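All remarks here apply to the structure that follows.
The values are calculated or read from the model by the stated rules, or taken from the named source; none is laboratory data. Remember, it's a predicted structure, so these values are computed and weren't measured experimentally. Ideal geometry is used to build each Cβ from the backbone, glycine not excepted, and the neighbour counts take in all protein chains shown. With ligands, DNA and RNA removed, areas are computed over all heavy atoms of the protein, side chains included. Shrake-Rupley method; radii C 1.70, N 1.55, O 1.52, S 1.80 Å.
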Amino acid sequence: NIEPARTAEIGTAALLATLRHGLPGGMPAWGDAGILTEDEIQLMAKYVQLPATAPPPRPLSEIQTSWDLQIPVANRPTQPMTSRNWENYFGVILRSAGQVAIVDGDTYEQLAIIPTGFAVHILRSSSSGRYFYAVGRDGRVTLIDLWSETPTMVAQVQGCTDARSIDGSKYQGYEDRYVIEGCYWPSQYVVFDGLTLEPLSVTNVEGATYDTNEMLQEVRVAAIVASHFDPVWVIGLKESGHVGIVDYSQPGFPLVNKIASERFLHDGGWDHTGRYFMLAAN
């Protein structure tokens, strides 16, 4: 816990020792490892005792400035340009490098290394299988086309300051049309065009907890899954303890329902029938 009330209680001397030498439970020894200088350690020990400022929002206008459409849809192939079995490609997250490797599942050859966001967390296949969607912890979304002769990044955008999940639209008639990114910060989800990553909408998910009705500003979007039976995404609203239903058939992609579950929702997915959504709370 590095919130100011706790760090003030720990005190500067103990914070300095922790930053220099680490802790047995896994905190790195930033000083001993040479990652932080002594001046930086001194600054950090003071900084973590200060009251936290309110993190800035990330509105649609700011998201749009980050949008980088590298290859428009009209300039992409209309059929696979490779003789390889592209439907048996798989992606490997190279987390620390901020990259995704594309590997041929038939030959085990590495076909491409795609630069992505920082510390990629989720890599999802689009409904058609043609595209991979990657989301970094820095909120950067990367669209990778597998039909190119070599797998290629065709678009990128940053919808959040901090993110962890993503999924495309998969209901019949909406395949690959939209993609949703869930933000850890700000408390929102962002919907993009599924083929270009053009930002379309931002929806705030701040709200009350399911049990105490306490109003929260920080509600992180955790797990996201796309239904095959309805035009909806199912999302975990971590701090509030709700499972949210986002209807992408409606204008503005609204949050149409909240199902009381448990705090603090983290990860989950469908059972084998696709009917039941199972997830765990921290």
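Please verify whether T203 is within 18 Å of G98 (Cβ to Cβ) and out of contact with any Asp or Glu (no Cβ under 7 Å at 6 or more places or on another chain), treating the condition exactly as stated. No.
Within the stretch 189-212, residues that are more than 22 Å from E262 (Cβ to Cβ) have Cβ atoms under 8 Å from residues that are assigned to a strand (DSSP E or B) and of a type in the set (G, A, S) in these pairs: V190/S201; V191/S201; G194/G168; T196/A155; L197/A155, counting only partners at least 6 apart in sequence or on another chain. Only one of the listed residues (L19, L50) is surrounded by 14 or more Cβ atoms within 10 Å (Cβ to Cβ) and either at negative phi or not in a helix (DSSP H, G or I) (or both). That residue is L19. In this structure, T196 does satisfy being outside any strand (DSSP E or B), surrounded by 14 or more Cβ atoms within 10 Å (Cβ to Cβ), of a type in the set (S, T, Y) and at pLDDT 95 or above. The numbered conditions (1) among the small types (G, A, S); (2) farther than 30 Å from T7 by Cβ; (3) modelled with pLDDT of 95 or more are all true for A97 except (3). The number of residues in the stretch 86-145 that are on the phi > 0 side of the Ramachandran plot and in contact (Cβ under 8 Å) with a residue 12 or more places away in the chain comes to 4.
The residues in the stretch 23-47 that are of a type in the set (V, I, T), open to solvent by less than 90 Å² (accessible area, probe 1.4 Å) and not in a helix (DSSP H, G or I) can be counted, and the count is 1. Considering the stretch 67-76, and only residues there that are within 11 Å of V154 (Cβ to Cβ) and touching a residue at least 60 places away in the same chain (Cβ under 8 Å), the residue that is least open to solvent (accessible area, probe 1.4 Å) turns out to be R76.
Considered as a group, the residues in the stretch 92-118 that are outside any strand (DSSP E or B) and touching a Gly at 6+ places or on another chain (Cβ under 6 Å) include one that is most open to solvent (accessible area, probe 1.4 Å), and that residue is F118.
Taking the stretch 53-63 as the search range and keeping residues that are of a type outside the set (S, T, Y) and part of a loop (DSSP other than H, G, I, E, B), which one is modelled with the highest pLDDT?
My answer is P59.
The residue that is most open to solvent (accessible area, probe 1.4 Å), counting only those in the stretch 131-161 that are in contact with a helix residue (DSSP H, G or I) (Cβ under 6 Å, 6 or more places away or on another chain) and over 18 Å from Q110 (Cα atoms), is Q158. The set of residues in the stretch 247-276 being more than 16 Å from Y210 (Cα to Cα), in contact (Cβ under 8 Å) with a residue 24 or more places away in the chain, open to solvent by less than 70 Å² (accessible area, probe 1.4 Å) and not in a strand (DSSP E or B) consists of Y248, S249, G252, F253, P254, G274. In the stretch 215-246, what residues are open to solvent by less than 10 Å² (accessible area, probe 1.4 Å), in contact with a Gly (Cβ under 7 Å, 6 or more places away or on another chain) and part of a loop (DSSP other than H, G, I, E, B)? Listed by number, the residues that qualify are V219, S240.
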